[in-house]
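The values are calculated or read from the model by the stated rules, or taken from the named source; none is laboratory data. Predicted model only: the values in this text are computed from it and were never measured. Here the Cβ positions follow ideal geometry from the backbone for every residue, glycine too, while neighbour counts run over all protein chains shown. Surface accessibility is based on the protein's heavy atoms, side chains included, excluding ligands, DNA and RNA. Shrake-Rupley method; radii C 1.70, N 1.55, O 1.52, S 1.80 Å.
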Amino acid sequence: MTGIFTLGVLGLSLSVDAFAAAVGKGASVKHARWNDALRIGAVFGFFEAITPVVGWVLGLALSTWIAAVDHWIAFVLLCGIGGNMIRLAMKDEPVEEAVAAQPNKVSGRGVWGLIGTALATSIDATAVGVSLGVMQVNILSACLVIGAVTTIMATAGVMLGRHASVWIGRYAEICGGIALMLIGCSILYTHLTSAAG
């Protein structure tokens, strides 16, 4: 779980909410420049990087009591979050209609709107942080990777939103949800096969 590749995939999976919101931001701010996009991306990356710490502390505190089932907890949390991301992405209402109807809700307006959106898109990272704490992952490495990946993804999302429809965010969320579920399955499979061996 501590491998850089796994953390990178985890960071990509957690960043898709921010990416989708950033696409909406870019779609509503047609003339966003690279420095604007980078500023928005950095806000998303910051909150995505710090929210797992809350869950990590909780998971670490509980790890001594739940060591026997930690792999099952990580599996359930990651699959649950991933499944919920897929469910929300596949709702009937097209994402572009949601942006058109409530652009401020999706993209955020001003500093407080941006912070609120960044917090909303990073809530799932808190739950993933519980899994990181249970699995005793190096939280500094995890936060740096998650924050960096989210900053890049959100920055790209803003710039992409200038030219593309925000439906892209829906498919990114589906892919991110699948990736989280695969990580959860991988944790469970690794533990069960090592225990059997």
Can you tell me which of Asp70, Asp36 is outside any loop (DSSP other than H, G, I, E, B), at pLDDT 75 or above, farther than 19 Å from Ile146 by Cα and of a type in the set (Asp, Glu)?
Asp36
List every residue pair whose Cβ atoms sit under 6 Å apart, with the two residues 6 or more apart in sequence or on different chains, where the first one lies in the range 142-156 and is among the aromatic types (Phe, Trp, Tyr) and the second, anywhere, is open to solvent by less than 30 Å² (accessible area, probe 1.4 Å).
none
Test set (1) at pLDDT below 85; (2) farther than 22 Å from Ala142 by Cβ; (3) out of contact with any Gly (no Cβ under 6 Å at 6 or more places or on another chain) - Thr64 fails condition number
(2)
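For the range 78-95, which positions are open to solvent by 80 Å² or more (accessible area, probe 1.4 Å) and either at pLDDT 85 or above or in a helix (DSSP H, G or I) (or both)?
Filtering the range 78-95 down to residues open to solvent by 80 Å² or more (accessible area, probe 1.4 Å) leaves 87, 90-93.
The one that is open to solvent by 80 Å² or more (accessible area, probe 1.4 Å) and either at pLDDT 85 or above or in a helix (DSSP H, G or I) (or both): Arg87.
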Can you work out which of the residues in the range 37-77 that are farther than 19 Å from Asp17 by Cβ and hydroxyl-bearing (Ser, Thr, Tyr) is surrounded by the fewest Cβ atoms within 10 Å (Cβ to Cβ)?
Thr64
